[in-house]
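Worksheet: one structure, shown below.
The values are calculated or read from the model by the stated rules, or taken from the named source; none is laboratory data. Only a predicted model underlies this, so the values are computations on that prediction, with no experimental measurement involved. Here the Cβ positions follow ideal geometry from the backbone for every residue, glycine too, while neighbour counts run over all protein chains shown. Quick note on the areas: whole protein, heavy atoms, side chains included, nothing else; ligands and nucleic acids left out. Shrake-Rupley method; radii C 1.70, N 1.55, O 1.52, S 1.80 Å.
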Amino acid sequence: MLTLVLANNYALLFVGWEGVGLCSYLLIGFYFQKKSAGDAGKKAFIVNRIGDAGFILGMFFLFQVTGSLRFTEVNEALRSARFAPEAGVFGILSLTALLLFIGATGKSAQIPLHVWLPDAMEGPTPVSALIHAATMVTAGVYMCARSNALFALTPETSHIVAAVGAATAIFAASIGLVQNDIKRVLAYSTVSQLGYMFLAVGVGAYWVGVFHLYTHAFFKALLFLGAGSVIHAMSGEQDMRRMGGLKDKIPITFATMFIASLAIAGIPGLAGFFSKDEILWQSWSSPLGGKLLWAVGFCTAAMTAFYMWRLMFMTFYGEGRMDEHTRHHVHESPKSMTVPLMVLAAGSVCAGWIGMPKVFGENGFMQALEHWLAPVFETGKEAAHAAAGHGAAQHDTTMEWVLMGVSVGAALAGIFLARHIYLRMKESERPTGGAMHPVLYNKWYVDELYDFLFVNGFSLGGGTLMARFDQKVVDGGVNGTAWLTRLVSSISIWYDTWIVDGLVNLTAFSVRALSYPVRFLQTGFIQSYALVFLAGVFAIFGYYWWVR
């Protein structure tokens, strides 16, 4: 994570990006002997590889366009006169930004690559807190915000980012309304909050997206660790339908999760209020925003308050629904677990005060985070307004107060509705959700659709076709090359053996055959040479004697 956020160029950022992806894969599948954990780890790995392919292509395009991957050089190039905003068109810069955003959708679990993050809860609960709160899943938000100079010139892509963020926020929130596993509710809450962050980035409020990333870390880590404390007290039970009445038995866990639930619901004074309402205001007022985006964010805020307090009421209030053995063993967690909860609770209360909306007044402390991030984001913000054909957004304090009051009212309404249903009403009287309940409970059947299209579907149809292609074409080409190589080598061996070696051997045989007469004379024995010499002498003398 440090490599990711301290990198001064996209290539090194990608090293950290892949590093946290590897850590996520290993941590999610920590219980490797448990099939669901192993499957969840593989799911995270495969889905992120799809997003990473987009990221890599985006880096290639960015290098081609700007000639560099260093942030300062890329930003200087994009802010120069060489590039004009691609308003109304979808050019090379828009394509580059879209490819980078595809990488972010994988890492930060946005539609359609969101399916891996809810299953990440298969890992140990502290791992879930780390993955959901730290710069592991929020890396996509960080990367897009860090690339603000690029996104500021591509309003068409920014609209896509905002739309996907808003759709993911309300989509995941709708699923969280009916989940019964305490960690799964929080997992879909993370997906929804990540959608909020992308909504801010998409409307050009880059610093606000980072602000929500920062505040979300406190209360989401607290909620997951608190859920782990609850599970510890319940001897491993995660189903909220088997909980209830725990607030007096685990008071520290209850108090800290109470604070975190208020914070994520956006209750004034707590961390989530400042960042959430700033996102809603920017969605309303930004030239890249719109009333529809605000409405989606508003509905998501109300749903967030409802499902979080549904979790609180089912877990801590009412009559206990656990078995007798578990009931007698419920106990508060040790200090090694409760002290971190208290520290994070303090952050959930105080973390938002350094990024308060300007409607509360302006001073160095209240907007400290915005001023600190201004050198990175201000130019991108101005360029985004220019690309959208507007000047700097005017600050309408009256409308901001109204929208803030409406969003707080929606959060309170969600809390009181959850209280009415899960505290006041008998279980038999509670609304079932009708035909939508199985749809939401089964996560809009997205996993089933993906299984049908990409897992079982490919296994039965496309997978078989691809396997045959691999066997007949890919492997066939490889095997054909090997066969051709063997054929050529066989011909070469025959030619070398019978032609090249044959000629050499024939020459040697000829020399050897011709050497036989000579070999009779060239024995190497002196006495033989002396005998031949004497025989020759006697022959010569005999010839002359005979002639005479």
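Looking only at residues in segment 90-114 that are outside any helix (DSSP H, G or I) and under 14 Å from the mean Cα position of the chain (by Cα), the one that is surrounded by the fewest Cβ atoms within 10 Å (Cβ to Cβ) is PRO112. Would you confirm, using the coordinates I've provided, whether LEU484 is more than 60 Å from the chain's Cα centre (by Cα), at negative phi and either open to solvent by 60 Å² or more (accessible area, probe 1.4 Å) or at pLDDT below 85 (or both)? For LEU484, the condition - more than 60 Å from the chain's Cα centre (by Cα), at negative phi and either open to solvent by 60 Å² or more (accessible area, probe 1.4 Å) or at pLDDT below 85 (or both) - is not met. Residue pairs whose Cβ atoms lie under 6 Å apart, separated by 6 or more positions or on different chains, with the first residue in segment 126-137 and within 16 Å of ALA44 (Cα to Cα) and open to solvent by less than 10 Å² (accessible area, probe 1.4 Å) and the second in a helix (DSSP H, G or I) and of a type in the set (Lys, Arg), are HIS132/LYS220. Among the residues of segment 226-254, those that are surrounded by fewer than 17 Cβ atoms within 10 Å (Cβ to Cβ) and more than 29 Å from the chain's Cα centre (by Cα) comprise SER235, ARG241, ARG242, GLY245, ASP248, LYS249, PRO251. Please determine whether any residue of segment 458-478 is open to solvent by 60 Å² or more (accessible area, probe 1.4 Å), touching a helix residue (DSSP H, G or I) at 6+ places or on another chain (Cβ under 8 Å) and touching a residue at least 12 places away in the same chain (Cβ under 8 Å). Within segment 458-478 (the criterion being open to solvent by 60 Å² or more (accessible area, probe 1.4 Å), touching a helix residue (DSSP H, G or I) at 6+ places or on another chain (Cβ under 8 Å) and touching a residue at least 12 places away in the same chain (Cβ under 8 Å)), the answer is no, since none of the residues qualifies.
Here is a yes/no grid of residues against (1) part of a helix (DSSP H, G or I); (2) within 20 Å of GLY106 (Cβ to Cβ); (3) in contact (Cβ under 8 Å) with a residue 40 or more places away in the chain:
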{"site": "SER24", "(1), (2), (3)": "yes, yes, yes"}
{"site": "LYS42", "(1), (2), (3)": "yes, yes, no"}
{"site": "GLU73", "(1), (2), (3)": "yes, no, no"}
{"site": "PHE83", "(1), (2), (3)": "no, no, yes"}
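Scanning segment 407-420 for residues that are of a type outside the set (Val, Ile, Thr) and open to solvent by less than 70 Å² (accessible area, probe 1.4 Å) yields SER407, GLY409, ALA410, ALA411, ALA413, GLY414, ALA418. Checked against the criterion of being in contact with a helix residue (DSSP H, G or I) (Cβ under 9 Å, 6 or more places away or on another chain), small (Gly, Ala, Ser) and surrounded by 15 or more Cβ atoms within 10 Å (Cβ to Cβ), segment 78-89 contains not a single residue that satisfies it.
Okay, residues lined up against (1) closer than 30 Å to VAL47 by Cβ; (2) of a type outside the set (A, V, I, L, M):
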residue: TYR422; (1), (2): no, yes
residue: LEU440; (1), (2): yes, no
residue: VAL455; (1), (2): yes, no
residue: MET466; (1), (2): yes, no
residue: VAL474; (1), (2): yes, no
residue: ARG486; (1), (2): no, yes
residue: ILE493; (1), (2): no, no
residue: VAL504; (1), (2): no, no
residue: THR507; (1), (2): no, yes
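When you look at ILE111, is it within 22 Å of VAL296 (Cα to Cα), touching a Ser or Thr at 6+ places or on another chain (Cβ under 6 Å), touching a residue at least 40 places away in the same chain (Cβ under 8 Å) and aliphatic (A, V, I, L, M), yes or no? Yes; evaluated as a whole, the condition is true for this residue. Counting the residues of segment 421-450 that are surrounded by 13 or more Cβ atoms within 10 Å (Cβ to Cβ) and either among the β-branched types (Val, Ile, Thr) or modelled with pLDDT under 85 (or both) gives 4. Just one of the numbered conditions (1) under 26 Å from VAL446 (Cα atoms); (2) open to solvent by 50 Å² or more (accessible area, probe 1.4 Å); (3) in contact with a Leu (Cβ under 8 Å, 6 or more places away or on another chain) is not true of LEU57: (1).
Going by the conditions given, is SER348 under 32 Å from the mean Cα position of the chain (by Cα) and touching a residue at least 60 places away in the same chain (Cβ under 8 Å)?
On the way: under 32 Å from the mean Cα position of the chain (by Cα): yes; touching a residue at least 60 places away in the same chain (Cβ under 8 Å): yes.
Yes: the conditions hold for SER348.
Counted as qualifying within segment 277-366 are the helices (runs of 4 or more DSSP H) with 3 or more residues that are open to solvent by less than 10 Å² (accessible area, probe 1.4 Å) and at negative phi, namely 291-316, 335-350.
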